[in-house]
Amino acid sequence: MISNQILQNTIDGLKAIARVDFCVMDVDGKDVASTIDMSSCSKAAVEFAVSPADSQEIQGYQYFKIFDEQQLEYVLVIAGTGEDVYTIGKMVAFQIQNLLVAYKERFDKDNFIKNLLLDNLLLVDIYSRSKKLHIQADVPRVVMIVESANGKDNNALELSRGYFGVNSRDFVTAVDENNVIVVKELAEGDLGREIEKAARGLENCLQKEGIKDIRIAYGTVVHEIKEVSRSYKEAKMALDVGKIFFDERDIIAYSELGIGRLIYQLPIPLCKMFIREIFGGKSPDEFDEETLTTIHKFFENSLNVSETSRQLFIHRNTLVYRLDKLQKSTGLDLRVFEDAITFKIALMVVKYMKYMETFEY
């Protein structure tokens with residue numbers, strides 16, 4: 001799709017050469033680009049657009065049709081009549097038609113979706129191009145990111161396209177060499193279940209083809225096409241945060257990240273300051289394996305002493321002894337909700353710091 005500015009620059013240049021005024025109108029008779037006001041020709045242009053003729057002379061103006069793959073795209077109006085004007089008009093129509101072909105590749109569906117994901121489009125362009133490409137703007141969609149161990153060395157992109165089908169209203173693309181991105185259109189109803197089903201089905205499909213260590217992350221559901229980039233950013237964060245705090249899961253949603261989403265956005269110096277203020281010179285991951293197992297199991301059971309001791313196969317008093325010992329060394333009593341929250345966050349912060357150190361080096 002050619003922008004109005006490119007059309008304007010084109011006919012300005014052609015006027016300088018041919019010394020004839022032009023106007024390019026859409027099929028509704030609206031001025032798209034012009035070298036002189038020809039609004040009086042609007043009604044005639046609309047009537048000409050529905051006529052079978054490819055060119056026509058009407059009241060001192062020459063009209064030409066410009067097609068985009070056999071679909072009428074513009075009406076070219078030239079001030080003047082005669083054989084010379086007709087010849088110029090045919091040349092200008094031919095030039096604009098070639099511009100349509102040249103620019104079509106830039107604005108096909110795949111490129112449109114890529115630019116949409118990366119926030120490279122103005123709001124007005126999003127809606128005009130989606131209309132041009134026959135992409136519905138107001139349906140629920142979600143963005144999923146698929147990552148696998150081999151990255152660019154596998155054919156995950158083509159397999160994913162095959163899974164969703166080339167003629168579906170879902171879009172499968174890639175903006176880098178590592179991940180596959182799926183913009184999935186959803187039916188009204190239980191959207192969460194539909195997303196989970198699609199993600200699990202895609203994972204199974206890729207695994208059957210020998211692709212290993214697949215991780216799929218997805219953002220929240222958006223209902224306007226302009227918000228697709230937000231779902232993409234959420235999916236990216238879900239993929240990263242999931243590796244840190246939900247490494248045992250292969251499918252993770254942005255809505256499930258919880259406090260991990262906040263910790264992920266903290267600067268490392270602030271994290272170090274927090275750990276130092278809470279634990280002094282120690283780090284909560286320096287405890288022995290028995291203590292760490294006790295802590296994690298205690299959190300898993302929502303600070304329930306009886307259930308935790310039962311699952312650890314220890315006496316209740318033994319668990320109380322371990323918690324008392326931990327309180328003496330850290331100043332935090334995990335049986336107190338506020339202290340438990342502080343300790344839990346500290347464990348997550350340490351895990352985040354370790355991941356970032358590994359990532360950097």
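The values are calculated or read from the model by the stated rules, or taken from the named source; none is laboratory data. The structure presented is a predicted model; accordingly, all values stated were derived computationally and were not measured. Accessible surface areas use protein heavy atoms only, side chains included; no ligands, DNA or RNA. Shrake-Rupley method; radii C 1.70, N 1.55, O 1.52, S 1.80 Å.
Across the chain, counting alpha-carbon atoms alone, Rg and Dmax equal 31.0, 105 Å. When Rg is the radius of gyration of the Cα atoms in the stretch 165-253 and Rh is its Kirkwood radius, what does Rg/Rh come to? With Rh from the inverse mean 1/r over Cα pairs, Rg/Rh is 0.94. P(r) for the stretch 112-217, from all Cα pairs and a bin width of 5 Å, is 2, 11, 22, 23, 18, 13, 7, 2, 0 %, short bins first. Applied to the stretch 297-312, the Karplus parametrisation 6.51 cos²θ - 1.76 cosθ + 1.60 on θ = phi - 60° returns per-residue 3J(HN,Hα) values of 5, 5, 5, 4, 9, 6, 6, 8, 5, 4, 5, 5, 5, 5, 6, 8 Hz, with x for Gly and Pro.
Accessible-area rank, largest first, for 129, 161, 310: 310, 161, 129, with all protein chains present and a 1.4 angstrom probe. When nucleic acids and ligands are ignored and a 1.4 Å probe is applied, residue 218 ends up with an accessible area of around 20 Å². Distance distribution note for the stretch 87-126: the fraction of Cα pairs above 16 angstrom is 50%.
Relative to the 2.2 N^0.38 Å rule of thumb, the stretch 1-75 has a C-alpha radius of gyration ratio of 1.05. Comparing mean-square fluctuations of 269, 52, 284 from a GNM of the chain with C-alpha springs under 10 Å, the top value falls on 52.
How big, in percent, is the set of alpha carbon pairs in the stretch 43-144 lying more than 15 Å apart? Value for the stretch 43-144 (Cα pairs over 15 Å): 69 percent.
The listed residues 173, 220 rank as 220, 173 when sorted by accessible area, largest first, using a 1.4 Å probe. Accessible surface comparison of 273, 91, probe 1.4 Å, protein chains only, largest first: the order is 91, 273. Translational diffusion of the stretch 224-290, estimated by Stokes-Einstein from the Kirkwood radius over alpha carbon pairs at 25 °C in a medium of 0.890 mPa s, is 173 µm² per second. For the chain, the solvent-accessible area with a 1.4 angstrom probe is 55 square angstrom per residue. Taken one residue at a time, the phi angles of the stretch 196-208 give Karplus couplings (6.51, -1.76, 1.60, θ = phi - 60°) of 4, 5, 5, 5, 5, x, 5, 4, 4, 4, 5, 5, 5 Hz. Gly and Pro are set to x. Annotation: amide H-H contacts under 5 Å for residue 67 (H modelled 1.01 Å from N, sequence separation of 5 or more, or interchain): 73.
The heavy atoms of residue 46 present about 50 square angstrom of accessible area, all protein chains included, probe 1.4 Å.
Over the residues of the chain, the helix contribution to mean residue ellipticity at 222 nm works out to -16500 deg cm²/dmol, using -39500 (n - 2.57) for each DSSP H run of at least 4.
Taking one equal scatterer on every alpha-carbon of the stretch 225-361, how large is log10 of I(q)/I(0) by Debye at q = 0.10 1/Å? Treating every Cα as an identical point scatterer, log10 I(q)/I(0) equals -0.40. Rolling a 1.4 Å probe over the protein chains gives residue 127 an accessible area of about 80 Å².
Strictly over 32 Å apart at the Cα level, which of 233/325; 208/233; 212/351; 184/208; 109/197; 30/90 would you flag in this model? Correct reply: 233/325. Rounded to the nearest 10 degrees, the inclination of helix 268-279 to the longest alpha-carbon principal axis of the chain is 20 degrees. Rounded to the nearest Hz, the phi-derived 3J(HN,Hα) couplings of the stretch 97-103 under the Karplus curve 6.51 cos²θ - 1.76 cosθ + 1.60 (θ = phi - 60°) are 5, 5, 5, 4, 5, 5, 8, where x marks glycine and proline.
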